[in-house]
Amino acid sequence: MPLSPSLVRFDGMGAVYAISVGNCSAPARELGGSRRSGAFFEGARIRVPGGGTVKARYLAALAAAAVLGGSLVATTPAAAAAKYAGTGIAQTGGTPLNMRRTPSSAGERLGEVTNGGTVWIMCQIKGDRITGAVRTTDVWLRLANNTYVSDGYVRRASFPIPACASAPVVMPPVSGAWQLPVAAGLVSGFHTAQRPTHAGVDLGATRNTPIRAASAGSVIRVVCNVSQGTCDVDGNRGIAGCGWYVEVQHAGNIVTRYCHMVRRPSVVVGQRVAKGQILGYVGTSGSSSGPHLHFEVHVNAPPATSANAVSPITFMRARGLVIK
Ligand SMILES: [Zn+2]
């Protein structure tokens with residue numbers, strides 16, 4: 001099997017994948033499904049639920065959205081774009097090798113690799129000392145699906161494995177208390193191949209469409225953010241900034257952000273908002289080429305940063321809500 005830096009592999013029991021597919025002339029969309037294990041290559045044909053196949057694209061987005069055992073584990077954007085250090089073979093003597101949420105034999109078990117199965121190694125980190133079938137070590141390997149396995153059970157060639165720079169971003173548990181902020185189609189996706197730093201989704205709502213809080217919470221930011229001029233006029237792509245925007249903090253350290261509002265938002269900092277409450281109205285202030293809602297979801301926040309932004313499509317899908 002040829003190796004590719006953009007290879008994404010899921011191992012484990014009934015791992016669920018979310019995959020973004022598309023091409024240069026069509027927007028990316030996401031498909032859900034499940035398979036026991038497997039590897040996807042850019043350009044590969046992938047069977048999808050409901051029949052048919054799609055061509056694998058945007059594998060960085062795919063790497064950022066591996067759902068394992070009902071919990072969503074997202075890589076940071078940097079990790080999603082990183083190359084693999086190399087591969088190894090799980091060598092346990094028979095039983096499957098456990099993939100865990102943390103580099104510890106006490107960490108939550110997220111899946112397993114069959115004895116003799118291949119693992120894709122991203123980076124290494126110190127953890128529990130393990131005497132395995134291959135070696136005794138306190139090194140754990142973070143795999144491409146953001147789980148950890150003990151290096152004590154991995155047979156591999158000698159190649160440099162970088163230290164893991166940061167812990168992966170772990171999605172909070174699902175709750176039913178969410179809705180979409182506008183009823184509008186996806187016009188630009190999260191971290192797409194064409195816009196790898198696009199930390200949200202663009203929803204093609206028309207000017208003055210009410211923007212609703214995606215869940216109950218507290219307003220933590222009401223900001224005009226433009227590199228020049230004001231937010232009370234239509235912006236353009238030649239200036240920087242999110243225009244008039246609002247951030248709402250929700251339970252579970254989740255922050256949502258709503259950008260490019262047409263005028264000063266309808267809420268103030270410190271205000272409690274209910275799910276569905278109007279925050280403001282769709283516009284095109286700031287760095288924007290036309291009226292739309294740019295919507296972001298951040299976990300382990302505040303603060304909302306590019307590193308803790310997660311795919312709103314994946315986030316909402318896990319709550320039974322479809323952005324397409
Ligand atoms: Zn956007």
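The values are calculated or read from the model by the stated rules, or taken from the named source; none is laboratory data. Model, not experiment: these values are computed from the prediction. Methodologically, a virtual Cβ is constructed for each residue, glycine included, from the backbone with ideal geometry; neighbour enumeration extends over all protein chains shown. For the accessible areas, the whole protein counts, side chains as well, though only heavy atoms, and no ligand, DNA or RNA atoms are used. Shrake-Rupley method; radii C 1.70, N 1.55, O 1.52, S 1.80 Å.
A few remarks follow.
- Of the peptides 214-220, 249-255, the order by per-residue mean of other Cβ atoms within 10 Å, starting with the highest, comes out as 214-220, 249-255.
- The largest-to-smallest principal axis extents of the Cα set in region 105-226 are 63, 32, 28 Å.
- Distances between placed amide hydrogens fall under 5 Å for residue 211 paired with 279, 280, 281, 282, all partners being 5 or more residues away or on another chain.
- Summarising the overall dimensions of region 184-324 from its C-alpha atoms, the Rg and Dmax are 13.7, 40 angstrom.
- Surface share of carbon and sulfur [accessible, 1.4 angstrom probe, percent] for region 213-312: 49 percent
- For region 155-235: Kirkwood Rh in Å [reciprocal of mean 1/r, alpha carbons]: 17.5 Å
- Per-residue packing, averaged as other Cβ atoms within 10 Å, sorts the ranges 286-292, 144-150 into the order 144-150, 286-292, beginning with the highest.
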